[in-house]
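Here's the structure, in structure tokens; my notes come after.
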Amino acid sequence: MRTSPFRRSRRRILALLGSAALAFAGAVALPGTAHAANVLSNAGFESGGLSPWSCTGNLGSIVSSPVHGGSKALAGAVSSSDIAKCSQTVSVRPNTTYTLGGWVRGSYVYLGVDGGASTWTSSPSAYGQLSLSFTTGAAQTSATVYVHGWYAQGTYYADDISLDGPGGGGSDSQAPSVPGSLRSTGKTSSSVSLAWNASTDNVGVTAYDIYQGSSKVLSVSGTSATVSGLSPSTGYTFTVKARDAAGNVSAASNAVTVTTDAGGGGGTGFKQAAPYLYLGWGDPPSAPSVMSATGIKWYTMAFILSSGGCNPAWDGSRPLTGGNDQSVINSIRSAGGDIVPSIGGWSGNKLGPNCSSADALAGAYQKVIDAYGLKAIDVDIENTDEFENATVQDRILNALKIVKANNPGLRTILTFGTSTTGPTYWGNRLIEQAKALNAGIDVFTIMPFDFGGGADMYGNTVNATDGLKNKLKATFGWDDATAYAHVGISGMNGLSDQQELTSPAIWTQIRDWANSRHIARLAFWSVNRDRPCPGGGVTSNCSGISQSNWQFTSITAGFTG
């Protein structure tokens, strides 16, 4: 139950990080560790054929959709009597540790090595990553890796499979030369095409591995490749390494940074001026009337919570469809506007902790998306149950990744608290995990308020937002313009919980600064409070200061990015 529904910010706490030391005593014989190099051939199935993979029952084929990377993937047509096991045998070195990984999609898909370890996933709706390590025997010189589905569970898909380690033989220790003149030869809103000059090797180059930052995303046999599945208006940095049959890997090529084209809306990409509207309290105004008076087109509708378990509902109690919330949304759309739901918030029973897995949480998000045919969703991740919980953070990020893959064009937004200089420990972790999990978050929105009474709300907002921009640059390798294009600001109009004052003049300064930096999103809490009540304090239906009706909403409508 919401004890203070207008209190959206989180208290900042100091995160004290400890360090751990690990000591080994005595001499221990350990297996050799393989240097990272994919010894599989046709690992991404980009050749368009199966070879050298072989599949039981001739049930394997190459498809162009759905893919994880590149333009091709493996499809295994499982039957009631055949699991469509596709395998490849490669030379390996004895007493050496290898890492097997890959991306799979389908119900009960297995990845493993004959006579050794295996792992599996039951996530059918989107590609998920599998990984395991194994150590070869003292006299072992070959290994057979495989991927397969399960009886009568439907077609599975696999892509970008890797066996990282040295090839067999061990006599060739000379690495190929560095690929030359890496360059971009084309781009779209979701792909980048690359080309480079061929490497040389004393035996022969067998593959080129394309890296996005530090992550290998594609392996090809030629000197060109197209990396797909990217986000619009986003900067990506690529390098290429050459590899030979023995697993020797060259140094990285020159790096090239490419910003993908904007999405279908053109311009610089996603832009959204969307103040919060809450129908659960605070004398909610007529949304179309406010639109007519101010020119605002978007509202952030709060809040989607759990109605018990992993079931979404407005405030955890009002149904998604058939009630007042849907009627208001319909009226907004009839007036030429649209909405983005805010899922979560500071208080209440939230979906993140209540859904047992990323797949289940994605299913809850999908119910909201389907109810309204949404173009965007916002997850307002706050408090100790979601924001300061590593497991739930990762669950939310993976769920957003799933719904983005299943809803082309959907924009995903994360909203969270901040310090005066940028993200806190938990905010930094959220951003780092968004990159590590390849979640594809479109906008990272901070809430720059509740710093303490008497705070400089313009100066602190600018400093906090620049801190967020710098963190995005460092994490994703973006330039300033690209980082700002993934930034959002969600303020608090009038008096905040801690009696900080954001006047209409200060909010105008913030909006103008946001426009000059071409950020993605501007919001405030809330339209319910966008009414005058000088000396009224912090209340649900007015700002606590002297102002005109809907003055902050009018200012926000001037945000164009």
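The values are calculated or read from the model by the stated rules, or taken from the named source; none is laboratory data. Because the structure is predicted, anything quoted here is derived from the model rather than measured. When we count neighbours, we look across all protein chains shown, and the Cβ atoms used for this are built from the backbone with ideal geometry, even at glycine. Quick note on the areas: whole protein, heavy atoms, side chains included, nothing else; ligands and nucleic acids left out. Shrake-Rupley method; radii C 1.70, N 1.55, O 1.52, S 1.80 Å.
Some notes on this structure:
- Helices (runs of 4 or more DSSP H) lying entirely in segment 468-561 (those with 1 or more residues that are within 31 Å of the chain's Cα centre (by Cα), more than 25 Å from GLY295 (Cβ to Cβ) and at pLDDT below 95): 480-484
- Selected residue (criterion: nearest to LYS469 (Cα to Cα)) from residues of segment 494-530 that are open to solvent by 10 Å² or more (accessible area, probe 1.4 Å) and either touching a Lys or Arg at 6+ places or on another chain (Cβ under 7 Å) or free of Cβ contacts under 8 Å to residues at least 24 places away in the same chain (or both): SER516
- Within segment 50-78, the set of residues being surrounded by fewer than 17 Cβ atoms within 10 Å (Cβ to Cβ), over 31 Å from the mean Cα position of the chain (by Cα), in contact (Cβ under 8 Å) with a residue 12 or more places away in the chain and in a loop (DSSP other than H, G, I, E, B) comprises PRO52 only.
- Tally of residues being part of a helix (DSSP H, G or I) and either at positive phi or out of contact with any Gly (no Cβ under 8 Å at 6 or more places or on another chain) (or both) across segment 417-431: 6
- Residues satisfying the stated conditions in segment 450-463, i.e. crowded, with 20+ Cβ neighbours inside 10 Å and under 25 Å from the mean Cα position of the chain (by Cα): THR461
- Among the residues of this structure, GLY491 does not count as one that is over 29 Å from THR257 (Cβ atoms), surrounded by fewer than 20 Cβ atoms within 10 Å (Cβ to Cβ) and of a type outside the set (D, E, K, R).
- Scanning segment 531-546 for residues that are open to solvent by 10 Å² or more (accessible area, probe 1.4 Å) and in contact with a Lys or Arg (Cβ under 8 Å, 6 or more places away or on another chain) yields THR539, SER540, ASN541, CYS542.
- Looking only at residues in segment 422-467 that are modelled with pLDDT of 95 or more and among the polar types (S, T, N, Q), the one that is nearest to VAL403 (Cα to Cα) is GLN433.
- Any hit, segment 430-437, residues being buried (at least 23 other Cβ atoms within 10 Å of the Cβ), in contact with a Pro (Cβ under 8 Å, 6 or more places away or on another chain) and farther than 27 Å from ASP512 by Cβ: yes
- Restricting LEU414, LEU397, LEU374, LEU361 to residues that are of a type in the set (A, V, I, L, M, F, W, C), in a loop (DSSP other than H, G, I, E, B) and crowded, with 18+ Cβ neighbours inside 10 Å narrows the list to LEU374.
- Pairs with Cβ under 7 Å, 6+ apart, first in segment 145-167 and more than 20 Å from LYS72 (Cα to Cα), second open to solvent by 10 Å² or more (accessible area, probe 1.4 Å) and charged (D, E, K, R): PRO166/ARG93
- Pick from segment 243-255, criterion within 18 Å of ASN197 (Cα to Cα) and at pLDDT below 90, ranking: surrounded by the fewest Cβ atoms within 10 Å (Cβ to Cβ): VAL249
- Flag for ARG105 being of a type outside the set (A, V, I, L, M, F, W, C) and farther than 30 Å from LEU194 by Cα: no
- Residues that are over 20 Å from ALA138 (Cβ atoms) and open to solvent by less than 40 Å² (accessible area, probe 1.4 Å), drawn from segment 80-99: ASP82, ILE83, ALA84, CYS86, SER87, GLN88
- Being open to solvent by less than 30 Å² (accessible area, probe 1.4 Å) and either modelled with pLDDT under 85 or out of contact with any Pro (no Cβ under 8 Å at 6 or more places or on another chain) (or both) holds for only one residue in ALA29, ALA37, and it is ALA37.
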